[in-house]
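Here the structure is laid out as structure tokens; the discussion comes afterwards.
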Amino acid sequence: MSQGGVATTNGGSGSGSVGVRIQQSRRLPDFLQSVNLKYVKLGYHYLISNLLTLCFIPAIAALSIQVSQMNLDDLRQLWLHLQYNLVSIIICSAILVFGLTVYIMTRPRPVYLVDYSCYRPPDHLKAPYGRFLEHSRLTGDFDESSLEFQRKILERSGLGEETYVPKAMHSIPPTPSMAAARKEAEEVMFGALDTLFRNTNVSPKDIGILVVNCSLFNPTPSLSAMVVNKYKLRGNIRSFNLGGMGCSAGVIAVDLAKDLLQVHRNTYAVVVSTENITQNWYFGNNKSMLIPNCLFRVGGSAVLLSNKSNDRRRAKYKLIHVVRTHRGADDKAFRCVYQEQDDAGKTGVSLSKDLMAIAGGALKTNITTLGPLVLPISEQLLFFTTLVVKKLFNASVKPYIPDFKLAFDHFCIHAGGRAVIDELEKNLQLLPIHVEASRMTLHRFGNTSSSSIWYELAYIEAKGRIRNRNRIWQIAFGSGFKCNSAVWQALRNVKPSSNGPWEDCIDKYPVKISS
């Protein structure tokens with residue numbers, strides 16, 4: 001999970017006064033002062049790992065140019081030379097076969113995003129501020145301090161009045177149960193999948209790979225088994241269920257599907273990303289555990305990936321890179337988003353006061369790994385040169401922070417909370433339009449966990465902003481602690497698919513969000 005970085009002056013369950021603010025100590029670190037050379041090496045490791053391919057491509061290009069400049073007499077002389085020189089023929093043939101074999105074996109298969117869908121809950125599940133707070137009061141589980149804390153969190157959260165909570169939370173008192181949680185999972189997953197299959201005209205029987213991720217709800221049989229049962233998927237399907245991996249698990253699921261598509265030819269992969277709220281609502285008075293109640297809302301997505309060459313003509317995007325960063329070896333990072341019981345024995349997800357600093361460290365590692373893969377050479381040289389000068393000659397010299405706007409046309413920053421979006425906008429020197437999709441997704445749908453990056457992409461599509469060859473950067477944070485990135489390239493001018501989440505409200509956005 002990744003929350004919004006909201007700080008409190010009272011972290012316990014007492015009834016003292018409550019204040020809500022963004023503390024400087026919990027902001028993302030200033031990248032200008034904290035870039036570490038060892039992180040840059042990770043990115044260049046990716047380049048060196050593909051050095052053979054990078055060297056082989058220019059050689060082919062040079063050979064092609066040379067051949068194109070030969071006339072018929074040159075070709076005849078070459079043939080006469082080879083005709084009477086068996087050694088030359090064998091050597092040339094061996095080099096050709098070896099080169100083609102290496103190229104074919106090392107060349108990754110392209111992975112195409114044919115289409116995706118985002119679940120749009122029914123209107124009766126909307127939870128305006130007033131109703132949310134009144135229901136919290138009527139449950140009788142929260143003291144006055146906790147109720148006031150929730151009110152202030154909501155006011156500063158960036159959420160609007162039309163986000164959704166599950167049916168069980170609309171009852172007074174709430175009725176969380178295994179059956180209700182299953183019902184929420186079915187409505188979200190099947191709702192997204194029905195739309196996906198309808199829009200793509202792909203039969204469920206054609207799906208060869210299924211990956212479902214949901215962090216906090218992992219029943220038996222699994223969520224992936226529920227999908228298999230509902231759509232009667234084929235018996236040899238390779239299905240996976242990812243649990244406990246937080247808000248960045250959507251990118252992890254895409255990465256897993258990508259790797260499987262490299263092995264299994266001519267097939268489709270479906271990735272379903274969601275979170276389940278029904279059984280994970282917190283009914284206690286620990287302030288650090290109450291924040292998820294205020295931010296997390298119902299949502300989910302379904303993505304259809306393909307490695308079929310003929311799908312390129314109808315696909316929306318091609319997957320370019322996935323970069324994953326895991327800070328779980330550090331104890332503070334491991335425990336900064338932690339599911340546990342409070343002193344009263346009530347289960348919730350607690351947020352450490354170090355969350356923003358840990359998220360910043362994970363982000364720093366991730367983007368300096370990603371940078372050499374996506375940034376123009378000019379930006380890389382400026383960055384690397386100033387970093388070396390700082391290390392060797394003058395500690396007061398600020399490193400040059402590359403302009404990621406030169407590498408990406410659109411940004412889908414996980415809508416975990418307002419503070420995270422604000423800090424990323426500042427540290428990456430982005431413009432308001434670059435974070436608009438994230439802010440508006442948070443406002444309209446709340447934090448939908450791992451699926452939020454797809455609501456954001458749907459927003460950009462609905463605005464008609466994606467053009468052929470545009471690059472999109474999806475970046476998400478999650479418990480563990482993880483920061484993961486996916487880079488996509490548009491294969492055409494992309495229009496929104498039918499029954500999209502913004503279909504009837506895109507003209508109302510962007511809206512001004514009060515500070």
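So how much slack lies between Leu381 and Val263, counting 0.36 nm per residue of separation and subtracting their Cα-Cα distance, in nm?
Using 0.36 nm per residue and subtracting the Cα-Cα distance, I get 38.9 nm.
Got a sec? What order do Thr220, Thr441 fall in by accessible area at 1.4 Å, biggest, i.e. largest, first?
Reading off the accessible areas and sorting them downward yields Thr220, Thr441.
Treat every Asp and Glu Cβ in the stretch 420-472 as -1 and every Lys and Arg Cβ as +1, leave all other atoms uncharged, and give the resulting dipole magnitude about the Cα centre to the nearest 20 debye.
300
Quick one: in the stretch 298-386, what % of C-alpha pairs are over 22 Å apart?
60
Please work out the C-alpha center-to-center distance from the stretch 353-393 to the stretch 209-271 and express it in whole Å.
Each part reduced to its Cα centre gives a spacing of 33 Å.
Using 0.36 nm times the number of residues separating Asp507 and Ser203, minus their current alpha carbon distance, what extension gain do you get?
106.1 nm is the gain from fully extending Asp507 to Ser203.
Counting pairs of alpha carbon atoms under 8 Å apart in space and at least six apart in sequence, what relative contact order in percent does the stretch 92-227 give?
Normalised by residue count, the contact order of the stretch 92-227 is 28 percent.
How large, in percent, is the carbon and sulfur part of the accessible surface of the stretch 351-504 at a probe radius of 1.4 Å?
56
Take a quick pass over the stretch 358-432 and tell me how many lysine pairs come in under 20 angstrom between Cα atoms, counting only ones 8 or more apart or on separate chains.
Lysine pairs meeting both conditions in the stretch 358-432 amount to 8.
With θ set to phi - 60°, apply the Karplus curve 6.51 cos²θ - 1.76 cosθ + 1.60 along the stretch 316-321 and write out the HN-Hα couplings as whole Hz, x wherever there is a Gly or Pro.
7, 9, 10, 6, 9, 9
Once ligands and nucleic acids are excluded and a 1.4 Å probe is used, how much of Arg238 is accessible, expressed in Å² to the nearest 10?
Near enough 90 Å² of accessible area.
Which lysines, if any, have their Cα less than 17 Å from the Cα of Lys346, not counting same-chain residues under 8 positions apart?
Within the straight-line limit of under 17 Å, Lys346 reaches these lysines: Lys287.
What is the dipole size for the stretch 127-221, taken about its Cα centre, with +1 at each Lys and Arg Cβ and -1 at each Asp and Glu Cβ, in debye to the nearest 20?
With Lys and Arg at +1 and Asp and Glu at -1, about 220 debye.
Checking a compactness column here: for the stretch 112-508, what do you get for Rg(Cα) / (2.2 N^0.38 Å), N being the number of residues?
That works out to 0.98 for the stretch 112-508.
Apply 1/(1 + (r/R0)^6) to the Cβ-Cβ distance of Gln69 and Leu138, taking R0 = 56 Å, and write down the FRET efficiency to the nearest 0.05.
Approximately 0.10, to the nearest 0.05.
On a C-alpha basis, how far is the centre of the stretch 102-176 from the centre of the stretch 410-487 in Å? Whole number, if you could?
16
Placing +1 on the Cβ of each Lys and Arg and -1 on the Cβ of each Asp and Glu in the stretch 337-420, which of Pro376, Gln341, Cys412 has its Cα farthest towards the positive end of the resulting dipole?
Value computed over the given set: Pro376.
May I ask you to give the percent of accessible area on the stretch 156-209 that is carbon plus sulfur, with a probe radius of 1.4 Å?
That fraction is 52 percent.
For the stretch 89-242, with every protein chain kept in place, what is the accessible area per residue (1.4 Å probe, Å²)?
47
From the backbone phi of the stretch 487-495, what are the Karplus-calculated ³J(HN,Hα) couplings (6.51 cos²θ - 1.76 cosθ + 1.60, θ = phi - 60°) in whole Hz, Gly and Pro given as x?
10, 10, 10, 5, 9, 6, 6, 8, 9
Going Cα to Cα from Lys126, which lysines come in below 23 Å? Please leave out same-chain ones fewer than 8 positions away.
Lys152, Lys167, Lys183, Lys508, Lys512
Just to make sure I understand: if all protein chains stay in place, what is the order of Met356, Met226 by accessible area at 1.4 Å, largest first?
Final ranking, largest accessible area leading: Met226, Met356.
When the gyration tensor of the stretch 332-373 is built from Cα positions, what are the square roots of 5 times its three eigenvalues, in whole Å, from largest to smallest?
Over the Cα atoms of the stretch 332-373, the ellipsoid semi-axes are 31, 9, 6 Å.
To the nearest 20 debye, what charge dipole does the stretch 234-366 have about its Cα centre, counting +1 at the Cβ of each Lys and Arg and -1 at the Cβ of each Asp and Glu?
With Lys and Arg at +1 and Asp and Glu at -1, about 900 debye.
The values are calculated or read from the model by the stated rules, or taken from the named source; none is laboratory data. Please read these numbers as outputs of a predicted model, since none were measured by experiment. No Cβ is skipped: glycine too gets one built from the backbone with ideal geometry, and neighbour counts run over all protein chains shown. What goes into the accessible areas is simple: the full protein's heavy atoms, side chains included, and nothing from ligands, DNA or RNA. Shrake-Rupley method; radii C 1.70, N 1.55, O 1.52, S 1.80 Å.
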